[in-house]
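S.K.: What follows is a structure written as structure tokens; I'll ask about it next.
The values are calculated or read from the model by the stated rules, or taken from the named source; none is laboratory data. Keep in mind it's a predicted model, so treat the numbers as computed, not measured. So basically every Cβ, Gly included, is an ideal-geometry build from the backbone, and we count neighbours across all protein chains shown.
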Amino acid sequence: MNTLKTDTSIFETLRFVLVETSHPGNVGAAARALKTMGFSRLVLVSPRHNDVLGHPDAKAFASGALDVLANTQIVGSIDEALTGCVHATAVSARLREFSPQVLTPRQFAGGLNGNSPPQALVFGSERYGLPNEVVEQCDTLVNIPANPEHTSLNLAQAVQVLAYECRMAILEKGISPQTGNAIGFHGIPATVDQINGMFKHLEKALVVSGFLNPESPKKLMPRLRRLFSRSHLETEEINILRGIATQIESLAKKAK
Ligand code: SAH
């Protein structure tokens, strides 16, 4: 869904920073990971390979993401990479005794919104991970809770996991009474008035049919409200439910 990309700027502003990456193939694969999830800002801090962006492995692993690769920024220090960011998050396989608050990728992504100010996810090198000095400059640390016997993912795969979780969190935030979910077909969300009217109608029908005893209603209506509140009712669905209620009423009257 590319509409999201234009609606929300987080896809443009979230910076994926790779520190001292040694394998050009990983840079290409990271560019691909970003592109598939709708992101585009890749920044390299002192990559080991000169001309990493032109390296055949980088191009081969980028596959269709050559544009992200071509726009990748190369800087000489973490400070430069973080310029203009309001928040920096270290992404590390290693949990340190003294570290910023530790989050899972999902928890981190849950804190994003469609137009967060620029922030960065900072990944370490294949060989050494992230130096402590870099982690100390970050406000939070994200750890992918992998198999404790084998915690270290390939760098580009770690980038993919983060990019996926961030995308999912943004897509899920598209589910709101105002906008509906960003994926698939969506009708017009029902208003509170329409929902209340439907419940009153349904209650009458349930009484007239004998299913609901007004002398002893128990928790039937609150329970039905709870059930329907989980389903984000749409106008068309309200009409269907009211049609069912009308039919119950007329059948109950005929039976009398
Ligand atoms: N040998 C390194 C591992 C580097 S893997 C070390 O000991 O730290 C390269 C990078 O991928 C890491 O620096 C981190 O940014 C990311 N990464 C790999 N596995 C991860 C995990 N389980 N959680 C968070 N990030 C991870």
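S.K.: Within the bounds of region 58-71, is there any residue that is under 21 Å from P118 (Cβ atoms), of a type in the set (D, E, K, R) and either modelled with pLDDT of 95 or more or buried (at least 19 other Cβ atoms within 10 Å of the Cβ) (or both)?
M.R.: Within region 58-71, one or more residues are under 21 Å from P118 (Cβ atoms), of a type in the set (D, E, K, R) and either modelled with pLDDT of 95 or more or buried (at least 19 other Cβ atoms within 10 Å of the Cβ) (or both).
S.K.: Here is a follow-up. Considering only residues of region 119-146 that are more than 9 Å from the ligand (Cβ to nearest atom) and not in a helix (DSSP H, G or I), which is surrounded by the most Cβ atoms within 10 Å (Cβ to Cβ)?
M.R.: Within region 119-146, the subset more than 9 Å from the ligand (Cβ to nearest atom) is 119-120, 131-140.
From what is left, the residues that are not in a helix (DSSP H, G or I) are 119-120, 131, 137-140.
Details: Q119: 21, A120: 25, P131: 15, Q137: 15, C138: 22, D139: 13, T140: 19.
If we take residues in region 119-146 being more than 9 Å from the ligand (Cβ to nearest atom) and not in a helix (DSSP H, G or I), then A120 is surrounded by the most Cβ atoms within 10 Å (Cβ to Cβ).
S.K.: Please count how many residues of region 147-157 are near the ligand (Cβ under 8 Å from one of its atoms) and in a helix (DSSP H, G or I).
M.R.: Keep residues of region 147-157 that are near the ligand (Cβ under 8 Å from one of its atoms), which gives 151-155, 157.
Next cut, in a helix (DSSP H, G or I) only: 155, 157.
Residues flagged as near the ligand (Cβ under 8 Å from one of its atoms) and in a helix (DSSP H, G or I) within region 147-157 amount to 2.
S.K.: Among the residues of region 53-102, write down those that are in a helix (DSSP H, G or I), away from the ligand (no atom under 16 Å from the Cβ), touching a residue at least 24 places away in the same chain (Cβ under 8 Å) and touching a Leu at 6+ places or on another chain (Cβ under 9 Å).
M.R.: Scanning region 53-102 gives L53, A58, K59, A62, V68, L69.
Let's see how each residue does on (1) polar (S, T, N, Q); (2) under 23 Å from I144 (Cβ atoms); (3) assigned by TED's automatic domain parsing to the domain that holds V134:
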site	(1), (2), (3)
A30	no, yes, yes
S40	yes, yes, yes
L44	no, yes, yes
A62	no, yes, yes
G84	no, no, yes
E97	no, yes, yes
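S.K.: Let me ask something else. Among the residues of region 158-171, count how many are within 13 Å of the ligand (Cβ to nearest atom) and either in contact (Cβ under 8 Å) with a residue 60 or more places away in the chain or more than 20 Å from F39 (Cα to Cα) (or both). Spell out the reasoning first.
M.R.: Here is the first cut: in region 158-171, the residues within 13 Å of the ligand (Cβ to nearest atom) are 158-163, 165.
Add one more test, that the residue is either in contact (Cβ under 8 Å) with a residue 60 or more places away in the chain or more than 20 Å from F39 (Cα to Cα) (or both), and what stays is 158-160, 162-163, 165.
Total meeting the criteria: 6.
S.K.: Residues that are buried (at least 20 other Cβ atoms within 10 Å of the Cβ), more than 25 Å from P148 (Cα to Cα), touching a residue at least 60 places away in the same chain (Cβ under 8 Å) and not hydrophobic (A, V, I, L, M, F, W, C): does region 8-19 have at least one?
M.R.: yes
S.K.: Go through region 147-165 and give me each residue that's hydrophobic (A, V, I, L, M, F, W, C) and buried (at least 21 other Cβ atoms within 10 Å of the Cβ). Full working, then the answer.
M.R.: Residues of region 147-165 that are hydrophobic (A, V, I, L, M, F, W, C), as a first pass: 153, 155-156, 158-159, 161-163.
Answer for region 147-165, where residues must be hydrophobic (A, V, I, L, M, F, W, C) and buried (at least 21 other Cβ atoms within 10 Å of the Cβ): L155, A156, A158, V159, L162, A163.
S.K.: Can you tell me which residues in region 30-52 are assigned to a helix (DSSP H, G or I) and either without any contact (Cβ under 8 Å) to a residue 24 or more places away in the chain or crowded, with 24+ Cβ neighbours inside 10 Å (or both)?
M.R.: Hits for region 30-52 are A30, A31, A33, L34.
S.K.: Does A109 satisfy the condition of being assigned to a helix (DSSP H, G or I), within 16 Å of the ligand (Cβ to nearest atom) and under 23 Å from the mean Cα position of the chain (by Cα)?
M.R.: Numbers: assigned to a helix (DSSP H, G or I): yes; within 16 Å of the ligand (Cβ to nearest atom): yes; under 23 Å from the mean Cα position of the chain (by Cα): yes.
It is true that A109 is assigned to a helix (DSSP H, G or I), within 16 Å of the ligand (Cβ to nearest atom) and under 23 Å from the mean Cα position of the chain (by Cα).
S.K.: If we keep just the residues of region 224-249 that are of a type in the set (A, V, I, L, M) and more than 15 Å from K200 (Cα to Cα), which is surrounded by the most Cβ atoms within 10 Å (Cβ to Cβ)?
M.R.: The qualifying residue surrounded by the most Cβ atoms within 10 Å (Cβ to Cβ) is L233.
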